[in-house]
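Reviewing the structure listed below.
The values are calculated or read from the model by the stated rules, or taken from the named source; none is laboratory data. Please read these numbers as outputs of a predicted model, since none were measured by experiment. Methodologically, a virtual Cβ is constructed for each residue, glycine included, from the backbone with ideal geometry; neighbour enumeration extends over all protein chains shown. Surface accessibility is based on the protein's heavy atoms, side chains included, excluding ligands, DNA and RNA. Shrake-Rupley method; radii C 1.70, N 1.55, O 1.52, S 1.80 Å.
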There are 2 protein chains.
Amino acid sequence: MIPKPYLLFIGDAQDELAIKTASGIYEWRSEWCKAQYTYDDAKFHLDLPIYNFEEAIAQEIKTMVIGVVNAGGVLSEKWKITIIEAIESGLNIASGMHTRLRDIPEIKTAADKNNVNLFDLRFNEQTFSTGKGTKRSGKRLLTVGTDCSVGKKYTALAIEKAMLASGLDAEFKATGQTGILIAECGIAIDAVVSDFISGAVEWLTPDNDINHWDIIEGQGSLFHPSFAGVSLGLLHGSQADAIILCHEPTRKNMRGVKTLLPTIKDCIDENIRLGKLTNPNIQCVGIALNTSNMQDSEEVLKEEISRLYKVPCFDPLKDDLSDVVAKIKSI
Amino acid sequence: MIPKPYLLFIGDAQDELAIKTASGIYEWRSEWCKAQYTYDDAKFHLDLPIYNFEEAIAQEIKTMVIGVVNAGGVLSEKWKITIIEAIESGLNIASGMHTRLRDIPEIKTAADKNNVNLFDLRFNEQTFSTGKGTKRSGKRLLTVGTDCSVGKKYTALAIEKAMLASGLDAEFKATGQTGILIAECGIAIDAVVSDFISGAVEWLTPDNDINHWDIIEGQGSLFHPSFAGVSLGLLHGSQADAIILCHEPTRKNMRGVKTLLPTIKDCIDENIRLGKLTNPNIQCVGIALNTSNMQDSEEVLKEEISRLYKVPCFDPLKDDLSDVVAKIKSI
């Protein structure tokens with residue numbers, strides 16, 4: 001859909017989290033990523049060459065992707081000028097920002113004049129029905145979390161990759177901005193009107209072959225006071241046959257609030273209890289640990305958790321996933 | 001805000017549920033309602049005189065309120081012509097429809113030309129933050145339900161009325177279309193983008209005097225596969241000190257889906273368990289039964305439920321509410 005390869009726009013990223021869209025695309029679709037574009041004051045970069053627009057065009061780059069968070073959701077004058085320069089150089093622009101590129105008159109005019117496309121991926125023109133809760137064919141796995149930003153997207157992508165590698169029929173289903181840029185389709189569930197959360201997920205993961213698995217990117221946490229409603233709608237709409245609980249062992253508080261993190265046990269139990277409303281056979285098939293902030297003892301922790309909950313425990317970016325894939329296959 | 005009195009537009013209502021907005025306004029704000037406007041083929045009416053626009057103006061009616069559901073969310077040509085006629089007669093128009101009056105060019109033009117106002121109450125220009133989950137001062141009661149359309153709005157309004165009558169400081173907080181037309185303010189929570197459900201409720205019921213009670217209109221049910229996410233966001237955002245469980249004893253299936261109704265016990269327990277995330281002191285203070293479809297034995301049922309759950313059980317439209325008000329006062 002989006003012409004490739006990409007120039008990833010990093011802007012003046014001040015921390016690692018700010019470029020999580022760029023790093024997500026680069027991690028999972030590195031073959032699409034040829035270079036990055038940064039301002040001089042950027043503090044974080046990707047391991048990619050830095051190009052200006054002239055170099056990008058010379059290297060046959062087709063699209064600049066906005067890979068950095070715009071602070072406060074506002075598109076600064078500086079960004080706007082850069083985006084227009086990119087357009088005038090002949091690059092398409094792809095974005096998952098809350099601000100629509102095509103709603104900014106100067107950007108829209110420049111794109112029309114230079115005959116390039118604007119891809120506003122957060123916005124899906126699809127209208128949804130309210131969720132029905134009726135059983136759909138095919139199977140579904142949902143990644144759930146003890147918090148936001150604990151690895152639900154990376155876990156889903158790693159599971160898809162491992163399942164495809166073992167010859168299973170699996171497809172990653174994106175529900176957030178970065179996931180959509182990786183999958184080139186999906187629904188930014190945080191932009192869906194609240195009445196249609198579960199309905200949107202039902203639309204995203206429709207009836208399918210009996211052995212097909214949709215691997216659905218989860219959002220938030222049932223225990224997060226800001227986003228639990230979204231997480232519950234996702235759980236009900238996905239009618240998950242299987243969940244994988246994602247957790248960041250060094251995290252103390254839920255992101256952005258003062259609420260303490262739930263235990264792994266409480267989080268699994270709550271997802272199973274509430275998930276039974278639309279799938280009585282829901283089960284937890286694994287626990288994914290994001291160990292990137294751990295200094296040591298990860299192996300001990302994984303073994304202990306695995307023994308305690310009787311499911312594979314793994315870091316999806318480091319470990320072999322054949323145990324959890326075998327467990328999924330057995331359902 | 002909206003100029004009064006009202007002419008309630010009933011259109012060609014084919015059943016009682018279709019006019020629930022009109023009947024809600026008439027039930028709770030009868031002093032605002034002077035007449036109704038209907039088509040010849042309407043099968044349901046209110047107990048109000050039927051006026052044409054000339055009569056309405058002669059009787060100093062100021063606003064026509066859309067009190068009937070537009071089938072399929074589409075504004076028919078017939079309705080459009082009627083609304084324009086009303087405008088040309090000099091009436092303001094108020095609506096809680098998904099379709100914005102001001103987005104229909106002919107209606108907008110007619111309103112501008114005739115110098116009348118269009119009130120699109122479903123749409124709130126307010127932008128919200130995500131929920132914070134931090135404790136707010138003042139107290140909050142939320143009506144929750146075993147299903148949609150079991151009396152959550154009527155219960156909240158009845159509780160507000162009874163509390164005000166006993167000298168307590170209480171205020172109904174609307175979260176749906178009809179509630180907003182009754183309260184003349186509020187947020188149509190089903191139109192809020194999913195990331196901001198709990199944040200919108202935090203905004204709707206901010207810090208207040210220590211003895212002030214916000215009486216919040218609930219939506220959906222934690223057990224409804226279409227809307228549970230909305231219900232959970234409402235529960236977390238309201239930080240309810242008290243809940244009243246609303247139930248329709250003759251209902252077998254959840255509205256619009258095949259899911260069975262939960263038991264009263266399961267529904268109270270689930271709301272208490274999940275509500276504790278943002279208010280550890282949440283408690284159930286009463287059970288409201290909508291007995292309008294019961295032939296007899298309501299008294300026996302209420303007594304039994306009250307004994308079983310050790311809280312007052314009542315029909316909010318029929319019974320004296322002093323027991324439940326006393327219970328609320330004791331918190």
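Would you mind checking the tilt of helix B:264-275 against the longest principal axis of the Cα atoms of chain B, expressed as 0 to 90 degrees and rounded to 10?
Orientation of helix B:264-275: about 90 degrees from the principal axis.
How far is helix B:228-238 tilted off the main Cα axis of chain B, in degrees rounded to 10, range 0 to 90?
Roughly 80 degrees between the two axes.
Please list, in order along the range B:320-330, the HN-Hα scalar couplings obtained from phi with the Karplus expression 6.51 cos²θ - 1.76 cosθ + 1.60 (θ = phi - 60°), rounded to whole Hz, x for Gly and Pro.
So the J values, rounded to whole Hz, are 5, 9, 5, 4, 6, 5, 4, 4, 4, 4, 6.
For the range A:132-221, how many pairs of lysine residues have a Cα-Cα distance under 20 Å, where the two are 8 or more positions apart or belong to different chains?
Qualifying lysine pairs in the range A:132-221: 11.
Efficiency by 1/(1 + (r/R0)^6): what FRET value for A:Glu85 and B:Asp112, r their Cβ-Cβ distance, R0 = 60 Å, to the nearest 0.05?
The computed FRET efficiency comes out at 0.90.
What average number of partner chain Cβ atoms lie no more than 10 Å from the Cβ of the residues making up B:219-226?
Mean number of neighbouring Cβ atoms from other chains: 6.
For the range B:52-69 and the range B:230-287, what is the separation of their Cα centres, given in Å?
39
GNM on chain A, C-alpha springs below 10 Å: top fluctuator among A:Glu171, A:Glu88, A:Glu55?
Among A:Glu171, A:Glu88, A:Glu55, the largest mean-square fluctuation in the Gaussian network model of chain A belongs to A:Glu55.
Run the reach check for A:Lys310 against lysines, Cα to Cα strictly under 16 Å, same-chain hits fewer than 8 apart removed. What comes back?
Cross-link targets: A:Lys265, A:Lys302, A:Lys327.
For B:Cys246, list long-range residues whose amide hydrogen, built 1.01 Å from N in the peptide plane, is under 5 Å from its own amide hydrogen.
Amide H to amide H, under 5 Å and 5 or more residues apart or across chains, B:Cys246 pairs with B:Val144, B:Gly145, B:Thr146, B:Ala288.
In degrees between 0 and 90, to the nearest 10, how far off the longest principal axis of chain A does helix A:105-114 point, with axes built from Cα atoms?
For A:105-114 against chain A, the angle is about 70 degrees.
Taking a probe of 1.4 angstrom, what is the accessible area of B:Lys252 in Å², to the nearest 10?
Per-residue accessible area (B:Lys252): approximately 140 Å².
Report the full-extension gain for the segment A:Lys161 to A:Thr99: residue separation times 0.36 nm, less the Cα-Cα distance, to one decimal in nm. Could the numbers behind the result be given before it?
On the way: separation 62, 0.36 × 62 = 22.32 nm, distance 3.18 nm.
My answer for the length gained is 19.1 nm.
Considering amide H positions built from the backbone, and no H for Pro or chain starts, which residues 5 or more places from A:Ala94, or on another chain, come under 5 Å of its amide H?
When sequence neighbours closer than 5 places are left aside, the close amide H contacts are A:Met64, A:Val65, A:Ile66, A:Phe119.
If we hang a label 7 Å off Cα along the beta carbon direction at A:Ser76, how far is it from the matching labels on the other copies, in nm, shortest first?
Inter-copy label distances (nm, one decimal, shortest first): 5.5.
At 222 nm, what helix-only mean residue ellipticity would the protein assembly as shown give, in deg cm²/dmol to the nearest 500, using -39500 (n - 2.57) for each DSSP H run of four or more?
Calculated from helices alone, the mean residue ellipticity at 222 nm is -10000 deg cm²/dmol.
Along Cα-to-Cβ, 7 Å out, sits the label point; list in nm, shortest first, how far the one on B:Leu317 is from those in the other copies.
Distances between equivalent label points, in nm: 5.8.
Measuring nothing but label to label, 7 Å from Cα along Cα→Cβ, what are B:Lys135's distances to the other copies in nm, shortest first?
When each copy's label point is compared with this one, the spacings are 4.7 nm.
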